[in-house]
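Contents: one structure, followed by commentary.
The values are calculated or read from the model by the stated rules, or taken from the named source; none is laboratory data. Since the model is a prediction, treat every value here as computed from it, not as a measurement. Backbone-built Cβ (ideal geometry, glycine too); neighbour counts: all protein chains shown.
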Amino acid sequence: MRRLLAFAALAAFVIAAPLAAQAADDFTLTIKDHKFSPAELKVPANKRVTITVINSDATPEEFESESLKVEKVIAGNAKATVRIGPLKPGRYNFVGEFHESTAKGVVIAE
Ligand SMILES: [Cu+2]
């Protein structure tokens, strides 16, 4: 019994560690009224980064960035995951291509 508990504790630690590491590089962008929030997203440079893009509008949007090499359509009231990087330090503009006049933002890698 004691040995089993020790094993369970170890297993919990092994499972928890990667989740904690992943959480640090996960970011969220929300689209509402055809605008991104936050409009400026700071991410770590030289790392793979995951961004969950939540589209709170009823209409579809396309998350697009030439500099980030991403293009992804997100249905209305849905979310999508985009993976970017590793990025050199700098600014990377993105837009919501279906509403480009208002849906603008920038990823800042530092
Ligand atoms: Cu496009």
Report, ordered by the first and then the second residue, all pairs with beta carbons closer than 9 Å, sequence separation of six or more or different chains, a first member in segment 85-97 that is of a type in the set (Asp, Glu), and a second member that is within 16 Å of the ligand (Cβ to nearest atom). 97/61; 97/62; 97/63; 97/64; 97/71; 97/73; 97/103
Cross-chain or 6+ apart pairs with Cβ under 8 Å, segment 27-41 first and at positive phi and in a loop (DSSP other than H, G, I, E, B), then crowded, with 17+ Cβ neighbours inside 10 Å and not hydrophobic (A, V, I, L, M, F, W, C): 33/57; 34/57; 34/61; 34/96; 34/99
Condition test on residue 75, is it among the hydrophobic types (A, V, I, L, M, F, W, C) and over 16 Å from the mean Cα position of the chain (by Cα)? yes
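For every residue, the table says whether it meets (1) more than 10 Å from the chain's Cα centre (by Cα); (2) at pLDDT below 95; (3) within 16 Å of the ligand (Cβ to nearest atom).
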site: 20; (1), (2), (3): yes, yes, no
site: 27; (1), (2), (3): no, no, no
site: 34; (1), (2), (3): yes, no, yes
site: 43; (1), (2), (3): no, no, no
site: 64; (1), (2), (3): yes, no, yes
Cβ-Cβ under 9 Å, sequence separation 6+ or interchain: first residue in segment 61-73 and in contact (Cβ under 8 Å) with a residue 40 or more places away in the chain, partner β-branched (Val, Ile, Thr) and away from the ligand (no atom under 11 Å from the Cβ). Which pairs? 61/31; 61/53; 61/74; 65/82; 65/84; 65/107
How many residues are outside any strand (DSSP E or B), of a type in the set (S, T, N, Q) and either closer than 14 Å to residue 104 by Cα or touching a helix residue (DSSP H, G or I) at 6+ places or on another chain (Cβ under 8 Å) (or both) if we restrict to segment 42-67? 2
Just checking, does segment 81-97 include any residue being under 14 Å from residue 34 (Cα atoms), at pLDDT 95 or above, of a type in the set (D, E, K, R) and within 16 Å of the ligand (Cβ to nearest atom)? yes
Can you work out which of the residues in segment 48-62 that are surrounded by 12 or more Cβ atoms within 10 Å (Cβ to Cβ) and over 16 Å from residue 28 (Cα atoms) is farthest from the chain's Cα centre (by Cα)? 59
